[in-house]
Amino acid sequence: MNEDFFKKWIQSYPQSLEREFHRDGVIDKDIFAKEKWKLLFVVKEPNSKNGNYDKYLGADLRDVWGATEGEKALKKPFNRNVARWTKIICDGVGSDHSLNWQDVAETMRRVAIINLKKMAGSGSENREEVCLYSFKDKGFIKEQISEINPNVILACGKDGFVFRMIWRIMNDEICFPSDIGKSFYLSLHGKAVPVFSVYHPSLRLKRQEDQAANEIVEIQRKLKSM
């Protein structure tokens, strides 16, 4: 996304909140453009307020996620799992593979990641706030997703909140259909884009990480058969 787009988005907020806005999206445009599977991870909100990550308040998260060293580099389960899942889908590796932190950062440059709520939050999200911000910004979010133009979307969060919000935002509907399972299709630029409900990457228990990775393997199998 170009800077004018984000400036317009930021200016839609009160001035007192502008410093908390996080730019996000495609981490490395050149690398992303070459991928067969252009993955978009969608999460709820940044964790950069009233906690251990205050120094990232208002940061351009594309720079943070793609950093390999220095003070910007994050070494969190979020990054490790995003990279692990990307390797499974894009490279067909098994669920038991491991990556060092250099590999994690390099792999993250292959994807796009956006937050539904661009304003900083803390470790425990306020779901009502995320919902309200998402609907306030739904026009911007739709434009951002359209511009990213992914061919696979991973809606992150085992509770399915992000999954349902993507459907609502992109279809401009409030009522989520009760007969939708763990995936649906969006129409983007004349193509059908699958949206999958997956775990949130911020997993800390090995059991959960392994379960999440196994589910990503199943998604990779489905994509291969499309």
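The values are calculated or read from the model by the stated rules, or taken from the named source; none is laboratory data. Note that the coordinates shown come from a computational prediction; the quantities given were computed from them, not determined experimentally. We place every Cβ from the backbone using ideal geometry, glycine too, and count neighbours over all the protein chains shown. These area figures cover heavy atoms from the full protein model, side chains too; ligands, DNA and RNA do not enter into them. Shrake-Rupley method; radii C 1.70, N 1.55, O 1.52, S 1.80 Å.
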| Quick one: would you say Gly190 is of a type outside the set (A, V, I, L, M, F, W, C) and open to solvent by less than 20 Å² (accessible area, probe 1.4 Å)? | no
| task | Please work out if Val64 is in contact with a Cys (Cβ under 9 Å, 6 or more places away or on another chain) and either at pLDDT below 90 or surrounded by 16 or more Cβ atoms within 10 Å (Cβ to Cβ) (or both). | result | no
| Breaking point among (1) outside any helix (DSSP H, G or I); (2) of a type in the set (A, V, I, L, M); (3) in contact with a helix residue (DSSP H, G or I) (Cβ under 6 Å, 6 or more places away or on another chain), for Ala67 | (3)
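For Val152, state whether it is in contact (Cβ under 8 Å) with a residue 60 or more places away in the chain, touching an Asp or Glu at 6+ places or on another chain (Cβ under 9 Å) and under 22 Å from Met226 (Cα atoms).
no
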| remark: If we keep only residues of segment 85-107 that are modelled with pLDDT of 95 or more and of a type in the set (A, V, I, L, M), then the residue nearest to Ser134 (Cα to Cα) is Ile89
| field | Residue list for segment 118-168, restricted to those being among the β-branched types (Val, Ile, Thr) and modelled with pLDDT of 95 or more | value | Ile141, Ile145, Ile148, Val152, Ile153, Val162, Ile166
